[in-house]
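Take a look at the structure below.
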Amino acid sequence: MRFCLLLTGTASDGAALTVLAEAAPFLTERTWSVMLDMSGPGSALACEALDAVLADRLLPRGLPLATAIEQDETLVLTPLRGGPPARWDLWKERSAPRLVEALRLRRVPGEPLVDEALFVMRADSEAPRLLIERLLLLGRSDAQVVSFVDEAAGSFAVKVKAPPIYLMMAARDGGGEVAVYGRHGASSLWVAWSFEHPAAGAAAASLARVNQAALVDRDGQWVRTPAEWRARAILDAAAPELEAPRVAMRSVASEVRFRVPIRLAPAALTDPDLWLLTPEQLLELEPLIEVSTADELSRLTVARLTGADGTVYLLRERVRPGAARMAGRVSDTLGVPGYSQVAGADNLYVPTGRRLMPVLRRDDLRALLGLERAHTVVITEDHDGPRVVTIVEVDEQPLQRWIDYVATDRRLELDKLLERSVFEFPEVTIEWPKEARQPAPKRPQTREGPVKRAPPPKPVVVEEPASAIDVDAAAHLRALREQVRALERRVVAGGCEEPEVWQELGEIKAALGDGDEAADCFEMALLHGGPPYDAKLAARLLSATRGSDSDDALMEWVVADRRTPADASRLGASLVARVATQRPPADELMQLALPIFADPRLPVSRRLAWAVLAGWHRHARDRLGITRAKEAILGGINERGLSELHDLPRFVRHALAREGDDHSDESVEARADRLQQGQLVALEAMWHEAAHAGLPEMDAPTAFMRLIFAVGFARLGARGLAQELIAPVELEIDVHEVPNRALFRLYMARLAHESSGGSPEVWAAEVARTVESVRDPRMQQAVTWLQKRSMWLRTTYEEESAARTTRFKLPAGVDVSGLADVVAREVSVGTRSYDYLIAEAVDVCVRRALASGSDAVVAEVLASAEPGLGNIQILSHRAEAVAACIHGAASLGDDAMLGRLLETLVNIARSEKLGSARELVRATQRGLAALRRFGGLEPARALLEALARVHAYTSSDQIALSATVATGFVQIGEERVADEVLDTLCTQVLGGSLDYVTRAQGGLAVAQALRHWPNMTRVERFRRFVAELAVFRDTFTASRYYDTHKILILEAIVDSLADSRTRHSDRVQGFLDQEEHALRRRIVTDWSAVCGR
């Protein structure tokens, strides 16, 4: 009989083992006999030192002790505390040198995950090969193999991190050939998978003390090994074999070529570039010619061709950057789709919406279609398949030369044409006849072609003598036009709040038959006149918009699912007219109409929307309603601003497109500077300046200069001049270095891309093909170096003003009343947020408050944000938060807070701790934009003057800040001060002691800033840069092939000269800023009149 400790194989065994170790610690290092129940998880542990005396002493401690007797191969276990004895029919016994090795493992439910698994098997079995093959099929080449040597035979083990579950399940549930063990972390205790050791911590500690590892099977049997194993990669244990016949082949010269038919396949729809027209189709252009401006017609050229198909006319559109394409209008008028240029081939065209398949190399295309021997090649398509039309020579002339303008006796229509064309034909004068002429006869219906025809016999027309009437009408129209020009000069600067001026201008516009512009003027007059609105003026607005005051029409417009901008304008004008004439619509109708005009997305001007809301709420004396309307309109303006499409009158847009005022005594050069053609003149002047210094042949810098100017000319539509510039480069391209050849081809492809208006996807594919054609990695790297830095060759464009992703999110359920609490919590001293999150929190809350339109909410948010701005330690992020607060303070007109915030921004600029001026520049630009929108020109001027006196910590920051200051002065109209700042900056960049990179960054900043100046001013500054281009040096590795900084500076100069949109946008935004400020004052005045404040 032996005394033993009964264990159940459950978690409760831990308590019994703990009590045993505390009561008799000497037993932990004694030898134990382990009896295992093979039909269950139980086990019995017996030790020679555990006798009757010790058992009696341990029994009161609650230990499950029993006596073990073997009867007829059955083990009988009788608990000492009483109870029925347990009988184990299937059992086995083993010995363990210490208690921790006598413990049986516990089964873990499910399929546990382990950090590392060890598969152990006999080395002479088939199992190792199968396991290694499966692991390699799974791509687990990170596994390691270990070989063990024991008394019987060698064992082979595979160690796998994050092992696949199904492999471990197959090993556990297999026939026993493979034993799988697992461990967590770097423990030296490996236990059978799906089991756990009852005292894993103590077991691992005991192994660590003796620097050993142990493999424990499911019965608890230990196999000890050294802690460090000699492991090797699984690939070292694999001897790959390929059982296949072997055939050796060698390369031989071959002339085999395969005939691959070229076909036209569907492609993305693009705007066509040219059309092949019959004489009848050419005459169908007349409706388009009648409604097109001279600038639009100047972009169309015509050539007359003859061949096997008879007479064909080639119509081509010359694309100009910044100008809307005419391709869609031409195709719609003619009813033919036209042909688009193939990317990479300057003179090859295919039907729009089609492409050549398969894609060929450019040289193969040239050889196949004879592109080098022809001026233009057009691939047409009919029922029989593709058809190649080769045009060897072509004499293209502007479409305007094919047009004869005829003045008929319909004088009013002619005067309207002249009124609309005053900007397109500044050099044309009309001499009116002294006596009446017979009316022009109708044109014959049948025409064979655009050939000069003799006029038909003049019909006999009996008309009343109207010579004196015609002369008086012409004089009256001339007088009206003079009045219009005088009034337009008064209002085009923006901020004109005299209703009499707007009403007079509207009346004249209506007399000239321009209803849309008249409606804009009447809206302005109503807005600045204020409620109650003048009934006659409201009636004139109703007439100009062709509205209706009937209840049926109003209800139809109100309940419509969709409204065109014209319908929305008619509805607004009709509602204003009904209220002004004391015939207000029914309340039910107005309850439906008011939310429509309170919606900032309604496609009407904000002045008309406010006129509807203010007129009705004043009539109804609804203080709450007009307060909500004020918040809705101002919130929409704060969030979206005024719209160039809906809030900018058309005649103002035309006037702002000119660079200067219409003075009769100005020079020809100044007048030419206002025309778009002035850009081409300026670029030609710069090219002559550059070429005057000499352009040596077969010189890489010369080739780059030619290509850059050629791209600029192509952007302005001067394709012929561009081709002349690159012709020498094409002839000598083979003598240049490989990287330069690839870059030259990229610039030529860019020229073709600018001329054809290709998509970014096409350009990206062209760049990838050209770069990949350079096989040598080092030379390819030289090509990629410039391609990724060039503003023309790069494939991705990231604008500095693009909205960044906001990582701060407002808590769910927070409305505008809780924004102040959110800001106070984020900017408090105890917050653990990052500085960029605090800055974004301030920005988001200020924007949300401005969008609400409530001054009280904005004031609360600013009051909570301003005291905590100093808690933002990183100055660049603090500048962003300050700019957001300036935006809010400008909307409130809080001069005191504005002064404090502007001073904070200036102090940030002066600080030596400012890491980079990029965020400061962005913050300054946002602050200036907000001040201009809210009429804060004096604070904006003060900010710019303060920043102009700031000396930044680094030269690059000083240059960026000075460029921003100069641009700001131009935008607020201080061009003299801006010129002084810019001249100082140019001197610093060209003559200062700057490093190469800073000098180049400064030159690029100057070129970017000069986009806001007139053309002639740009040329004067850029002449200095071209003359001193040699100062822009670099020490890059690629300098053995090209000068990186000189190329980038040239690109920036040419791109700035070819850019007309930036300055035009500045002037348009200036007018909208003035109008927004005037509209805000009017809204507050009307609201105060109703609410008594």
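Provide a single number: the residues in region 525-548 that are assigned to a helix (DSSP H, G or I) and at positive phi.
Number of matching residues: 0.
Looking at (1) in a helix (DSSP H, G or I); (2) surrounded by 14 or more Cβ atoms within 10 Å (Cβ to Cβ), can you tell me which one residue 290 breaks?
(2)
Which members of region 712-722 meet the condition of being surrounded by fewer than 24 Cβ atoms within 10 Å (Cβ to Cβ) and either at pLDDT 85 or above or not in a helix (DSSP H, G or I) (or both)?
717, 718
If you go through region 522-557, how many residues are among the aromatic types (Phe, Trp, Tyr) and over 11 Å from residue 576 (Cα atoms)?
2
Go through region 727-781 and give me each residue that's at pLDDT 85 or above and among the polar types (S, T, N, Q).
740, 770, 773, 780, 781
If we only count helices (runs of 4 or more DSSP H) wholly inside region 832-924, which ones have 1 or more residues that are touching a residue at least 60 places away in the same chain (Cβ under 8 Å)?
On the way: elements: 835-852, 855-865, 875-892, 895-910.
Once the helices (runs of 4 or more DSSP H) in region 832-924 are filtered for at least 1 residues that are touching a residue at least 60 places away in the same chain (Cβ under 8 Å), what remains is 835-852, 875-892.
Any idea which residue in region 1009-1030 is nearest to the chain's Cα centre (by Cα), counting only those that are surrounded by 18 or more Cβ atoms within 10 Å (Cβ to Cβ) and under 19 Å from residue 955 (Cβ atoms)?
Selected residue: 1009.
Having 1 or more residues that are in the same structural domain as residue 125 (by TED's automatic domain parsing), in contact (Cβ under 8 Å) with a residue 12 or more places away in the chain and under 52 Å from the mean Cα position of the chain (by Cα) is the bar; report the strands (runs of 3 or more DSSP E) wholly within region 154-234 that clear it. Full working, then the answer.
Details: elements: 154-161, 178-183, 189-192, 212-216, 222-226.
Output list reads 154-161, 178-183.
Residue check: is residue 990 closer than 27 Å to residue 949 by Cβ and surrounded by 21 or more Cβ atoms within 10 Å (Cβ to Cβ)?
no
I need the full set of residues from region 74-108 which are surrounded by 15 or more Cβ atoms within 10 Å (Cβ to Cβ) and among the small types (Gly, Ala, Ser), in order please.
Correct list: 86, 96, 102.
Can you name the number of the only condition in (1) over 30 Å from residue 128 (Cα atoms); (2) part of a helix (DSSP H, G or I) that residue 252 fails?
Among (1) over 30 Å from residue 128 (Cα atoms); (2) part of a helix (DSSP H, G or I), the lone unmet condition for residue 252 is (2).
Of everything in region 314-331, what is touching a Leu at 6+ places or on another chain (Cβ under 9 Å), free of Cβ contacts under 8 Å to residues at least 60 places away in the same chain and either outside the structural domain of residue 391 (by TED's automatic domain parsing) or not basic (Lys, Arg) (or both)? Give them in sequence order. Show your work before the answer.
From region 314-331, those touching a Leu at 6+ places or on another chain (Cβ under 9 Å) are 314-318, 320-321, 326, 329-330; that's our starting set.
After this cut, where a residue has to be free of Cβ contacts under 8 Å to residues at least 60 places away in the same chain as well, the list is 317, 326, 329-330.
Listed by number, the residues that qualify are 317, 326, 330.
Answer yes or no: is there a residue in region 507-518 that is surrounded by fewer than 22 Cβ atoms within 10 Å (Cβ to Cβ), without any contact (Cβ under 8 Å) to a residue 60 or more places away in the chain and assigned to a loop (DSSP other than H, G, I, E, B).
The answer is no, given that none of the residues of region 507-518 is surrounded by fewer than 22 Cβ atoms within 10 Å (Cβ to Cβ), without any contact (Cβ under 8 Å) to a residue 60 or more places away in the chain and assigned to a loop (DSSP other than H, G, I, E, B).
Please work out which one of (1) surrounded by fewer than 14 Cβ atoms within 10 Å (Cβ to Cβ); (2) modelled with pLDDT of 90 or more; (3) in the same structural domain as residue 175 (by TED's automatic domain parsing) is the condition residue 119 fails and give its number.
Single failed check for residue 119: (1).
So how many residues does region 41-82 have that are assigned to a helix (DSSP H, G or I) and not small (Gly, Ala, Ser)?
The number of residues fulfilling the criteria is 8.
Is region 152-161 home to any residue that is surrounded by 14 or more Cβ atoms within 10 Å (Cβ to Cβ) and aromatic (Phe, Trp, Tyr)?
For region 152-161, residues surrounded by 14 or more Cβ atoms within 10 Å (Cβ to Cβ) and aromatic (Phe, Trp, Tyr): present.
State yes or no: is residue 223 among the hydrophobic types (A, V, I, L, M, F, W, C) and under 30 Å from residue 156 (Cβ atoms)?
It is true that residue 223 is among the hydrophobic types (A, V, I, L, M, F, W, C) and under 30 Å from residue 156 (Cβ atoms).
Any idea which of 956, 911 is among the polar types (S, T, N, Q), surrounded by fewer than 18 Cβ atoms within 10 Å (Cβ to Cβ) and at pLDDT below 80? Walk me through how you get there before you give the answer.
Details: 956 fails: surrounded by fewer than 18 Cβ atoms within 10 Å (Cβ to Cβ).
The unique qualifying residue is 911.
Condition first: out of contact with any Phe, Trp or Tyr (no Cβ under 7 Å at 6 or more places or on another chain), aliphatic (A, V, I, L, M) and closer than 21 Å to residue 232 by Cβ. Can you find one or more residues in region 164-179 that meet it?
So far as region 164-179 goes, yes, one or more of its residues are out of contact with any Phe, Trp or Tyr (no Cβ under 7 Å at 6 or more places or on another chain), aliphatic (A, V, I, L, M) and closer than 21 Å to residue 232 by Cβ.
Hey, could you check region 294-312 for residues that are in contact (Cβ under 8 Å) with a residue 60 or more places away in the chain and among the hydroxyl-bearing types (Ser, Thr, Tyr) and say which is farthest from residue 714 (Cα to Cα)?
My answer is 311.
Condition (residue is on the phi < 0 side of the Ramachandran plot and out of contact with any helix residue (DSSP H, G or I) (no Cβ under 9 Å at 6 or more places or on another chain)) applied to region 835-854: is it met by at least one residue? Before the answer, list the steps.
Here is the first cut: in region 835-854, the residues on the phi < 0 side of the Ramachandran plot are 835-852, 854.
Add one more test, that the residue is out of contact with any helix residue (DSSP H, G or I) (no Cβ under 9 Å at 6 or more places or on another chain), and what stays is none.
No - not one qualifying residue is present in region 835-854.
Okay, residues lined up against (1) surrounded by 18 or more Cβ atoms within 10 Å (Cβ to Cβ); (2) free of Cβ contacts under 8 Å to residues at least 24 places away in the same chain; (3) not basic (Lys, Arg):
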residue: 14; (1), (2), (3): no, no, yes
residue: 19; (1), (2), (3): no, no, yes
residue: 34; (1), (2), (3): yes, no, yes
residue: 42; (1), (2), (3): yes, no, yes
residue: 53; (1), (2), (3): no, yes, yes
residue: 59; (1), (2), (3): no, yes, yes
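I need a count of the residues in region 119-144 that are within 23 Å of residue 218 (Cα to Cα) and under 51 Å from the mean Cα position of the chain (by Cα).
Looking only at that region, the number is 1.
Take region 687-704 and flag every residue that is over 31 Å from the mean Cα position of the chain (by Cα) and either part of a helix (DSSP H, G or I) or within 21 Å of residue 754 (Cα to Cα) (or both).
687, 688, 689, 690, 691, 692, 700, 701, 702, 703
Test each condition in (1) in contact with a Lys or Arg (Cβ under 9 Å, 6 or more places away or on another chain); (2) part of a loop (DSSP other than H, G, I, E, B); (3) modelled with pLDDT of 80 or more; (4) assigned by TED's automatic domain parsing to the domain that holds residue 852 for residue 812 and report the one that comes out false.
(1)
Output the residues belonging to region 616-643 that are at positive phi and either buried (at least 16 other Cβ atoms within 10 Å of the Cβ) or hydroxyl-bearing (Ser, Thr, Tyr) (or both).
Answer for region 616-643, where residues must be at positive phi and either buried (at least 16 other Cβ atoms within 10 Å of the Cβ) or hydroxyl-bearing (Ser, Thr, Tyr) (or both): just 641.
In region 355-365, is there at least one residue being within 30 Å of residue 286 (Cβ to Cβ) and surrounded by 12 or more Cβ atoms within 10 Å (Cβ to Cβ)? Walk me through it before giving the result.
First, pick out the residues of region 355-365 that are within 30 Å of residue 286 (Cβ to Cβ): none.
No, because not a single residue in region 355-365 is within 30 Å of residue 286 (Cβ to Cβ) and surrounded by 12 or more Cβ atoms within 10 Å (Cβ to Cβ).
The values are calculated or read from the model by the stated rules, or taken from the named source; none is laboratory data. Bear in mind that the values here come from a model prediction, so they are computed numbers and not experimental data. Cβ atoms come from the backbone with ideal geometry, glycine included; neighbour counts cover every protein chain shown.
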